[in-house]
1. Report the residue count in segment 89-109 for those that are of a type outside the set (Gly, Ala, Ser) and not in a loop (DSSP other than H, G, I, E, B).
2. Scan segment 417-439 residue by residue and report those that are of a type in the set (A, V, I, L, M, F, W, C), outside any loop (DSSP other than H, G, I, E, B) and surrounded by 15 or more Cβ atoms within 10 Å (Cβ to Cβ).
3. Considering every residue within segment 126-139, establish whether at least one is closer than 14 Å to residue 239 by Cα and part of a loop (DSSP other than H, G, I, E, B).
4. Taking the conditions exactly as written (touching a residue at least 60 places away in the same chain (Cβ under 8 Å) and either within 25 Å of the chain's Cα centre (by Cα) or assigned to a helix (DSSP H, G or I) (or both)), does residue 377 satisfy them or not?
5. Can we say residue 46 is under 17 Å from residue 471 (Cβ atoms) and in contact with a Ser or Thr (Cβ under 7 Å, 6 or more places away or on another chain)?
6. Is it the case that segment 52-68 has a residue that's of a type in the set (A, V, I, L, M, F, W, C), crowded, with 24+ Cβ neighbours inside 10 Å and either out of contact with any Gly (no Cβ under 6 Å at 6 or more places or on another chain) or on the phi < 0 side of the Ramachandran plot (or both)?
7. In segment 389-410, which residues are assigned to a helix (DSSP H, G or I) and over 12 Å from residue 325 (Cα atoms)?
8. With the structure loaded, tell me whether residue 194 is at pLDDT 90 or above, out of contact with any Asp or Glu (no Cβ under 6 Å at 6 or more places or on another chain), in a helix (DSSP H, G or I) and of a type in the set (A, V, I, L, M) or whether it fails that test.
Amino acid sequence: MTNYPILTVTTFLPLAGAAVILILGDRLARWIALATTLLTLAVSAPLYLHFDKTSSALQFVESVPWIRSWNITYGLGVDGISLPFIFLSVVLSVLCVSASWTAVSTRTRDFYAALLVSETAMVGLFASTNFFLFYIFWELMIVPMFLLIGVWGGPNRVYASVKFLLFTLAGSVLMLVGLIVLLYAGGTLDFHALAGMRLSVSAQNWLFLAFLAAFAVKVPMFPVHTWLPDAHTEAPTAGSVILAGILLKMGAYGFLRISLPLFPDAIPLFVGPMLGLSALAIVYGAYVTLAQTDVKRLIAYSSVSHMGFVTLGIFSLNKNGVEGAILQMVNHGILTGALFLCIGMIYERTHTREIADYGGLFKAAPMFTTFLAFFCLAAIGFPGLNAFVGEFLIISGAFTKWVGLGVMAVWGVVLGTTYIVWLYYRVALGDVNPGLRELRLGLNAREVATLLPLVVMALVIGLYPESVLGFIRAPVAQLLSAIPASPIELAGRM
């Protein structure tokens, strides 16, 4: 089952599906997109079934010489850190096609082609083992997302898409500069080879800053987060799911795959500011979320707070913190994707995102509000559901680093519980809004089938977190072993 280039097939099968859609046109676009995403999920299955959890090395490696003059290879491979995000990418892609079945009725051929191109970019980025491929897929992801927002988005879609483009390209330019510096300094762009080299501390500091510009925008970290609420608000449902579920994870994944292993001697200098910005994002994002009246903007700002937890865990630089951060990245992709799907389903019927226009949906749409209640409980870290374990690990890692960070993280959890409960109260409870009485708000079988996989994933991870932690434990241990614990240790290496 693994004697074929499984990562290449998984990566480029969606791109082939996009080409078929563009050739055959609108009539079969939905079905081809659904078949392609389901086939990609099936093809990727051996990755999870045959993965060796005890090894921190890359597995399913594919390496072919490509650009010999630059010593660049076509290299793909996965370890325990990248594998969960490939799984999340292929699963969410299937759900995005399903969620868009009736929501997108114009230029369907172009829409589903863009969706499949984004799947290729997502899988390719997480499977890349060298900078050249990583950068290609990083930039490729911008194109379909720009189109999804700018063509099929809301009334202010042009502004939101251009803002997204400018922010992401600004960070990417500095990453390109860093990539060129690494090529000339190391003679290679292979991640493993670069991690074995020790550039000067000064060079590592400057390179850390260059890559920070790109990764911080994608996370997004405070204060370069302002593109996110606009993009989420204007994006179609599938665009919001891809943004929240995968694209935000690319920045945090960059810290794990590039910043920490390649620039370990720069970490002691930057860890303090990174922890401070992370704690600030947790509290700031939560307070701003409390003030939102648009349900999509509310969840968008909540992502700023939740991703603050992720970067806090990463730069805690201890086992609990980093493992919790990776687990919480997966959890955030599941839960925020689910909440955006719920919002998209009800928006198709009501055509409003204002929280004040809802009310009493528990009486009008009991199945919808049951799903919404489940995902809201999971989002606040209810024990037994997936976010609880991730938050617990991150907070324990933060307390280990400094008590003040743990206190701010706990306060972020309290604020998060407040805005999620307040959202559910205003949307689901009370009397039914008179404007909604004549609408048919119940979910159909396709929509239930779209949400059920996310319910299962939230339960499985919540009750058996080892389903994710088992993959990431070995590579996290290897990652942390190479990072100086303090400036004193760094001085001893110089």
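The values are calculated or read from the model by the stated rules, or taken from the named source; none is laboratory data. What you see is a predicted model, and the numbers here were worked out from it, not measured in a lab. Here Cβ is always computed from backbone atoms with ideal geometry, including for glycine, and neighbour counts include all displayed protein chains.
1. Our first condition is that a residue be of a type outside the set (Gly, Ala, Ser); within segment 89-109, this holds for 90-92, 94-97, 101-102, 104, 106-109.
Still in the running and not in a loop (DSSP other than H, G, I, E, B): 90-92, 94-97, 108-109.
Number satisfying all stated conditions: 9.
2. Step one: filter segment 417-439 for residues of a type in the set (A, V, I, L, M, F, W, C), giving 420-423, 427-429, 432, 436, 439.
Keeping just the survivors that are outside any loop (DSSP other than H, G, I, E, B) gives 420-423, 427-428, 436.
Matches in segment 417-439: 420, 423, 427, 428, 436.
3. No, segment 126-139 contains no residue that is closer than 14 Å to residue 239 by Cα and part of a loop (DSSP other than H, G, I, E, B).
4. no
5. Spelling it out, residue 46 is indeed under 17 Å from residue 471 (Cβ atoms) and in contact with a Ser or Thr (Cβ under 7 Å, 6 or more places away or on another chain).
6. Taking every residue of segment 52-68 in turn, none turns out to be of a type in the set (A, V, I, L, M, F, W, C), crowded, with 24+ Cβ neighbours inside 10 Å and either out of contact with any Gly (no Cβ under 6 Å at 6 or more places or on another chain) or on the phi < 0 side of the Ramachandran plot (or both).
7. Once the filter is applied, which keeps residues that are assigned to a helix (DSSP H, G or I) and over 12 Å from residue 325 (Cα atoms), segment 389-410 yields 399, 400, 401, 403, 404, 405, 406, 407, 408, 409, 410.
8. For residue 194, the condition - at pLDDT 90 or above, out of contact with any Asp or Glu (no Cβ under 6 Å at 6 or more places or on another chain), in a helix (DSSP H, G or I) and of a type in the set (A, V, I, L, M) - is not met.
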